[in-house]
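Only one structure is covered here, and it is reproduced in the block below.
We did not get these values from a lab; they are worked out from the coordinates using the rules stated. The structure displayed is predicted, hence computed values, not measured ones. Reconstructed Cβ throughout: ideal geometry from the backbone, glycine too, with neighbour counts over all protein chains shown.
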Amino acid sequence: QAQLVESGGGLVQAGGSLRLSCAASGRTFSSYAMGWFRQAPGKEREFAATINWSGANTYYADSVKGRFTISRDNAKNTVFLQMNSLKPEDTAVYYCAASSRGTTTWPGWYDHWGQGTQVTVSS
């Protein structure tokens, strides 16, 4: 059974950095586009970043562009989200997802989801 497991979340002060990891198991996701989404309390899940199967193409939400970097290591079946210059408004549960339909900001096109990891940024 395909599974995505996020890790690396935690509590950090504003201006700090965190690196999230998403480890895939049960199948290989090297042909899938991968994405990171986030959901703050009382808000809808929103797109953060996506990367194509090879890692050559990435796309970011305006709110994280220039601060977050998505990358992947297909040999390790792992996707990363490097988050720098964190702000209190980045506080959310961060989810990793896999899409067989290519890079997209639309959550409905993602086939597999992780359980999420909490990121809390204090001011």
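Extent along the principal axes, Cα only, for the stretch 51-102: 33, 19, 18 Å, with the longest axis given first. Around the Cα centre of the chain, unit charges on the Cβ atoms of Lys, Arg, Asp and Glu (plus for the first two, minus for the last two) sum to a dipole of about 160 debye. Structure remark: mean-square fluctuation, Gaussian network model of the chain, C-alpha springs under 10 Å; the largest value among GLY108, GLY55, GLY66 belongs to GLY108. Projecting label points 7 angstrom from Cα along Cα→Cβ for ASN57 and THR120 puts them 3.9 nm apart.
Placing dummy labels 7 Å off each Cα toward the beta-carbon, the span from LYS87 to SER25 is 3.7 nm. Largest mean-square fluctuation among ARG19, ARG38, ARG27, in a Gaussian network model of the chain whose springs join Cα atoms under 10 Å apart, belongs to ARG27. The loop-placed trypsin sites (Lys or Arg not before Pro) in the stretch 50-123, going by DSSP, that have at most 14 neighbouring Cβ atoms within 10 Å of their Cβ come out as LYS65, ARG101.
Using only alpha carbons, build the gyration tensor for the stretch 29-76 and give me the equivalent ellipsoid semi-axes, biggest first, whole Å.
Values: eigenvalues 96, 31, 13 Å².
Largest first, the stretch 29-76 gives 22, 12, 8 Å.
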